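Report on the structure given below.
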Amino acid sequence: MELNSNEPSGPLEERWTKHRDHGKLVNPSNRRNYTVIVVGSGLAGGAGAASLGEMGYNVKCFAFQDSPRRAHSIAAQGGINAAKNYPNDGDSVWRLFYDTLKGGDFRGRESNTWRLAEISNGIIDQCVAQGVPFAREYGGLLANRSFGGAQVSRTFYARGQTGQQLLIGAYQALERQIGAGTVEMHTRSEMLELIIVDGVARGIVTRNLVSGEIEAHVADCVVLATGGYGNVFYLSTNAKGSNCTAAWRAHRQGAAFANPCFTQIHPTCIPQAGEHQSKLTLMSESLRNDGRIWVPKKKEDVTKKPSEIPEEDRYYYLEERYPAFGNLVPRDVASRNAKYVCDDGLGVGPEVAGQRRGVYLDFADAIERLGQKEVEDRYGNLFEMYERITGENPYEVPMRIYPASHYTMGGLWVDYNLMTTIPGLFAAGEANFSDHGANRLGASALMQGLSDGYFVLPFTVGNYLGTVRELPKVELDHPEVKGAMERVTTRIDKLLNAPKPSKTADEFHRELGALIWDKCGMSRNEAGLKEALEKIPEIRERFWEQIKVPGTGEMFNQTLERAGRVADFMELAELLCIDALNREESCGAHFREEHRSEDGKEAKRDDENFQYVAAWEFSGDVSKPTLHKEPLVFERLKPSTRSYK
Amino acid sequence: MTERTMNITLHVWRQDNPGKPGKFERYEATDISEHSSFLEMLDLVNEGLIKDGKDPFSYDHDCREGVCGMCGMVINGIPHGPQAATTTCQLHMRKFKNGDELWLEPWRAAGFPVIKDLVVDRDAFDRIIQAGGYITSRTGSAPDANGIAIDKKTADAAFDAAACIGCGACVAACPNASAMLFVSAKITHLGLLPQGQPERKDRARKMVAQADAEGFGGCTNHRECEAACPKEIKFANIARLNRDFIGAMIKAPDDVPKPQPVR
């Protein structure tokens, strides 16, 4: 397997323009002769399908939910970055590029990151034109806020529901195209296999979730915009249905999977309340702008009411350890430190599985400084949400927060055109790996999803189709199509007919999640990863032996859907740990305990040996993937050490 | 945090498909923590059913944060249950007490055929948006975002209407199964903004025609929709919808939009 990033050469500033100027185009009247499959209807998939349909391609879009508007992009709260410099605080494309690459700990691809920053401004224009109701100032111009420790205010937002508003914008654009007949929408349809003919991606096999029918769809190329794999940890801030199946099926068919160990753990989530909890809820990290994070200094105080703990017995650990950034240190630093204080027995809140996992996020000072009204204006909806879930009033009692799996920087390896190692197969949004390196900055996920969907795919898909020109027609009775369909039905039969059916998919998922959260979560070490690598195949074996799925495949069967997704997480989890074990350095969200600074708290990156993208190829044996390395070259920016002290 | 547990009796609507008659079946949820969410309680009952080799009941859900709009069922006669401004997934068991008996039903409306148990087909909402619930803006051709100033009050009001999650509770709550709250939220969101003006009148006519074609009823001012809406979409939006709709009818009475075929 050869990894060619296909980056244009020349000055960074000119690469994207140059690439577009020299790429192939498809004649407008010819576009309808090409069928493009887009799997996923979130920001990347929805925006991509809408834009490609509008250009005249014949688009088929697939979503497992009942409407494209349900995609999990909708849950993003905080905002979207752009280098508009509206507040006149010195921002620029260069600075957004710099922050993103540095924030990613120099494990992202320079050309892609630059392009993301370059496109950011156009995204805001596009969204406003569609009617996205961004927050505005009294003068009527768009409002910005500083987010996640950035030193400029470049984040556009729509109260605490930015993702919702951006997705509805993309959804409406998509529905317009569906109405116009350029996009054929398949809701309640789940992609379960990729069809490859003569080495080129030519279609997908789906299961109609209502009738259970297995369907084949052929096309000239396939785009996967199927999100991340954060649910591999079972508990995460992802939607319950978010899964890795489409990406994983593609991986098994030959698409390299890059940097799976770069998983972001978000510091401000509502802690787990009990053993049967099904998901975790994120609280926008904008809360860290005004909230102060602390735990009791003494172990005996952890069960006391926070109001009974005097100021001198409170440990404001972020403010003490990182005086320059304080509570606004990047996500990975905030998360890890919360874990450390809880591991030290200073955590607060209910005890779940033998440990109190929670720290206080206290607004008492902010309320005193700004007044309750102002705090309400800034965070009212978040406070309400917190109260709805916990039953506690955060105006009176400090919130309790704990990190949770949130976003995955790793994903399918793609080149500059967002094409995977399988020709004709593209990956966009969170499903690919390219722009965020080892750590994603706040308000950058929405930016990347829309950048890929509105601006990159419409060009690169056309460039691909214009290059291959005419592909041989694939009939539905082609042996590769039939083979792919057979793989799907065989697998479903296996799920429905385990030899000793006794356990549910959720039970297995919880077991797997607890293991990798512990061994391959915020903090990782060799012994723990090796232990996980021993246990995962054993859990997987038990899964296929004991999985219990009632009903049949020819009906609406949510238990079957879930079982199939958990089966794929069982395999991805192993690759996650293999990658984490291979990467003998600490960078971004990947923290290896063996690789830290003298004082033990800071991550230690190893540029000499690990300045590369780890792209794993499926070898036929899940436990023995083949590693390919894409060296990272930084022409403009010399990798520097992240320090937030 | 002290923890209370409770036992709940559930009567769940079971229906294999739209063609077959449905009926309530009784299940017991035992030892449920008050901190558990309503859907986690249902998950637990279903886990038990799966282990017993029985067919678990189906219900839609996804984000479990009250924003995707996927979840929703009628709980003791109220869409999304007893807590105001709260989706089913955000409901927690501390709102219930030991011994409570709950009747769970799907949204009931001609426009939302039952797929299975508590799951309904809401494609009609997507087709209403297809009919006109958008602002036409070609990708890549937008002017600078700060080119038009929009006063904060207007932008905020547009946002309030744009917060609709398309769950369908308004339809389920309405005695006429009217979708007017849903339609009017989109009409208000887009109609308040300067970008939405060129298509404003047409939008109202087309969306209303599609809602009619889907089998949703008319609005006769019961205001049940507003009470059931988990996102507090205001009933007053319907007045704005009526104004846009009537305005369009007066301007071009013969220009009747053709709704898309209903699946």
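The values are calculated or read from the model by the stated rules, or taken from the named source; none is laboratory data. On a predicted model such as this, the values are computed, not experimentally measured, just so you know. Positions of Cβ are backbone-derived with ideal geometry, glycine not excepted, and every protein chain shown enters the neighbour counts.
Only residues that are surrounded by fewer than 23 Cβ atoms within 10 Å (Cβ to Cβ) and within 14 Å of chain B (Cβ to nearest Cβ): list them for the range A:32-58, please. Matches in the range A:32-58: A:E54, A:M55, A:G56. Go through the range A:528-565 and give me each residue that's within 13 Å of another protein chain (Cβ to nearest Cβ), of a type in the set (V, I, T) and within 25 Å of the chain's Cα centre (by Cα). The one that is within 13 Å of another protein chain (Cβ to nearest Cβ), of a type in the set (V, I, T) and within 25 Å of the chain's Cα centre (by Cα): A:T559.
Only a single item in (1) within 12 Å of another protein chain (Cβ to nearest Cβ); (2) in contact (Cβ under 8 Å) with a residue 24 or more places away in the chain; (3) in a loop (DSSP other than H, G, I, E, B); (4) among the small types (G, A, S) is not met by A:G139, and it is number (2). Would you check if B:P230 is touching a Pro at 6+ places or on another chain (Cβ under 9 Å), at pLDDT 95 or above and either aliphatic (A, V, I, L, M) or at negative phi (or both)? Yes; evaluated as a whole, the condition is true for this residue. At least 1 residues being within 14 Å of chain B (Cβ to nearest Cβ) and hydrophobic (A, V, I, L, M, F, W, C) is the threshold, and among the helices (runs of 4 or more DSSP H) wholly inside the range A:329-443 those reaching it are A:372-390.
Within the range A:269-320, restricting attention to residues that are of a type in the set (G, A, S) and in contact with a helix residue (DSSP H, G or I) (Cβ under 7 Å, 6 or more places away or on another chain), the residue that is farthest from the other protein chains (Cβ to nearest Cβ) is A:G291.
Restricting B:C170, B:C164 to residues that are within 9 Å of chain A (Cβ to nearest Cβ), surrounded by 24 or more Cβ atoms within 10 Å (Cβ to Cβ), within 26 Å of B:W107 (Cα to Cα) and under 13 Å from the mean Cα position of the chain (by Cα) narrows the list to B:C164. Could you grab the pairs with beta carbons closer than 9 Å, sequence gap of 6+ or different chains, first residue in the range B:123-135 and touching a residue at least 12 places away in the same chain (Cβ under 8 Å) and farther than 23 Å from A:Q126 by Cβ, second one in a helix (DSSP H, G or I) and aromatic (F, W, Y)? From residues that are touching a residue at least 12 places away in the same chain (Cβ under 8 Å) and farther than 23 Å from A:Q126 by Cβ, the pairs are B:F125/B:F182; B:I128/B:F182. Of all the criteria given as (1) within 7 Å of another protein chain (Cβ to nearest Cβ); (2) of a type in the set (D, E); (3) within 26 Å of the chain's Cα centre (by Cα), the one not satisfied by A:E190 is (1). Given the condition outside any loop (DSSP other than H, G, I, E, B), at pLDDT 95 or above, of a type in the set (D, E) and closer than 23 Å to A:G46 by Cβ, answer yes or no: does some residue in the range A:99-118 qualify? Checked the range A:99-118: at least one residue is outside any loop (DSSP other than H, G, I, E, B), at pLDDT 95 or above, of a type in the set (D, E) and closer than 23 Å to A:G46 by Cβ.
Picking from residues in the range A:449-472 that are assigned to a helix (DSSP H, G or I) and among the hydrophobic types (A, V, I, L, M, F, W, C), the one that is farthest from the other protein chains (Cβ to nearest Cβ) is A:V468. Among (1) within 30 Å of A:G140 (Cα to Cα); (2) within 11 Å of chain B (Cβ to nearest Cβ), there is one condition A:A83 misses while meeting the rest; what is its number? Evaluating A:A83 over (1) within 30 Å of A:G140 (Cα to Cα); (2) within 11 Å of chain B (Cβ to nearest Cβ) leaves (2) as the failure.
Within the set A:A438, A:A431, A:A445, the sole residue that is touching a Lys or Arg at 6+ places or on another chain (Cβ under 8 Å), under 25 Å from A:S284 (Cβ atoms), at pLDDT 95 or above and small (G, A, S) turns out to be A:A438.
Are any of the residues in the range B:137-148 crowded, with 18+ Cβ neighbours inside 10 Å and more than 7 Å from chain A (Cβ to nearest Cβ)? Talk me through it step by step, then tell me what you get.
Restricting attention to the range B:137-148, the residues satisfying the condition of being crowded, with 18+ Cβ neighbours inside 10 Å are B:137, B:139, B:142, B:145.
Cutting the leftovers down to more than 7 Å from chain A (Cβ to nearest Cβ) gives us none.
The answer is no, given that none of the residues of the range B:137-148 is crowded, with 18+ Cβ neighbours inside 10 Å and more than 7 Å from chain A (Cβ to nearest Cβ).
Filtered by the rule that a residue be modelled with pLDDT of 95 or more, of a type outside the set (S, T, N, Q) and more than 22 Å from B:A204 (Cα to Cα), the range B:133-147 gives B:A142, B:P143, B:D144, B:A145, B:G147. When A:K530, A:K519, A:K503, A:K473 are checked against the criterion of being modelled with pLDDT of 95 or more, surrounded by 15 or more Cβ atoms within 10 Å (Cβ to Cβ) and more than 27 Å from A:N557 (Cα to Cα), a single residue qualifies: A:K519.
The set of residues from the range A:338-393 being under 12 Å from A:P271 (Cβ atoms) and among the β-branched types (V, I, T) comprises A:V348, A:V352, A:V359, A:I389, A:T390.
Which residue, of A:A76, A:A44, is modelled with pLDDT under 95 and under 30 Å from B:F112 (Cβ atoms)? Give the steps one after another, and end with the answer.
Values: A:A44 fails: modelled with pLDDT under 95.
Residue meeting the stated conditions: A:A76.
Against the test of being touching a Pro at 6+ places or on another chain (Cβ under 8 Å) and within 24 Å of B:Q90 (Cβ to Cβ), the options B:V171, B:V120 yield a single qualifying residue, B:V120.
Would you check if there is a residue in the range A:420-429 being surrounded by fewer than 23 Cβ atoms within 10 Å (Cβ to Cβ) and over 25 Å from A:D290 (Cβ atoms)? Scanning the range A:420-429, I find at least one residue that is surrounded by fewer than 23 Cβ atoms within 10 Å (Cβ to Cβ) and over 25 Å from A:D290 (Cβ atoms), so the answer is yes. Scanning the range B:60-92 for residues that are at the interface with chain A (Cβ under 7 Å from one of its Cβ atoms) and under 15 Å from B:P106 (Cα atoms) yields B:D60, B:H61, B:G69, B:M70.
In this entry, B:E3 is excluded by the filter for residues that are without any contact (Cβ under 8 Å) to a residue 24 or more places away in the chain and within 13 Å of chain A (Cβ to nearest Cβ). Residues in the range B:43-59 that are more than 7 Å from chain A (Cβ to nearest Cβ) and within 29 Å of the chain's Cα centre (by Cα): B:V45, B:N46, B:L49, B:F57, B:Y59.
Restrict the check to the range B:178-185 and report whether at least one residue is part of a loop (DSSP other than H, G, I, E, B) and either farther than 30 Å from A:L457 by Cα or not assigned by TED's automatic domain parsing to the domain that holds B:G81 (or both). Looking through the range B:178-185, at least one residue is part of a loop (DSSP other than H, G, I, E, B) and either farther than 30 Å from A:L457 by Cα or not assigned by TED's automatic domain parsing to the domain that holds B:G81 (or both). Filtering the range B:220-238 to residues that are aliphatic (A, V, I, L, M), over 23 Å from B:C71 (Cβ atoms) and either within 14 Å of chain A (Cβ to nearest Cβ) or surrounded by 13 or more Cβ atoms within 10 Å (Cβ to Cβ) (or both) leaves only B:I238.
Each residue in the range A:158-180 was checked for being more than 7 Å from chain B (Cβ to nearest Cβ) and either free of Cβ contacts under 8 Å to residues at least 12 places away in the same chain or closer than 14 Å to A:G449 by Cα (or both), and 7 of them qualify.
Suppose the filter is over 18 Å from B:S36 (Cα atoms), among the acidic types (D, E) and either under 12 Å from the mean Cα position of the chain (by Cα) or at the interface with chain A (Cβ under 8 Å from one of its Cβ atoms) (or both); does B:D117 pass it? Walk me through it before giving the result.
On the way: over 18 Å from B:S36 (Cα atoms): yes; among the acidic types (D, E): yes; either under 12 Å from the mean Cα position of the chain (by Cα) or at the interface with chain A (Cβ under 8 Å from one of its Cβ atoms) (or both): no.
Spelling it out, it is not the case that B:D117 is over 18 Å from B:S36 (Cα atoms), among the acidic types (D, E) and either under 12 Å from the mean Cα position of the chain (by Cα) or at the interface with chain A (Cβ under 8 Å from one of its Cβ atoms) (or both).
Please verify whether the range B:178-200 includes one or more residues that are aliphatic (A, V, I, L, M) and at the interface with another protein chain (Cβ under 7 Å from one of its Cβ atoms).
Yes; the residues of the range B:178-200 include at least one that is aliphatic (A, V, I, L, M) and at the interface with another protein chain (Cβ under 7 Å from one of its Cβ atoms).
Could you grab me the full set of residues in the range B:6-22 that are without any contact (Cβ under 8 Å) to a residue 24 or more places away in the chain and among the charged types (D, E, K, R)?
Restricting attention to the range B:6-22, the residues satisfying the condition of being without any contact (Cβ under 8 Å) to a residue 24 or more places away in the chain are B:19-21.
Scanning the range B:6-22 gives a single hit, B:K20.
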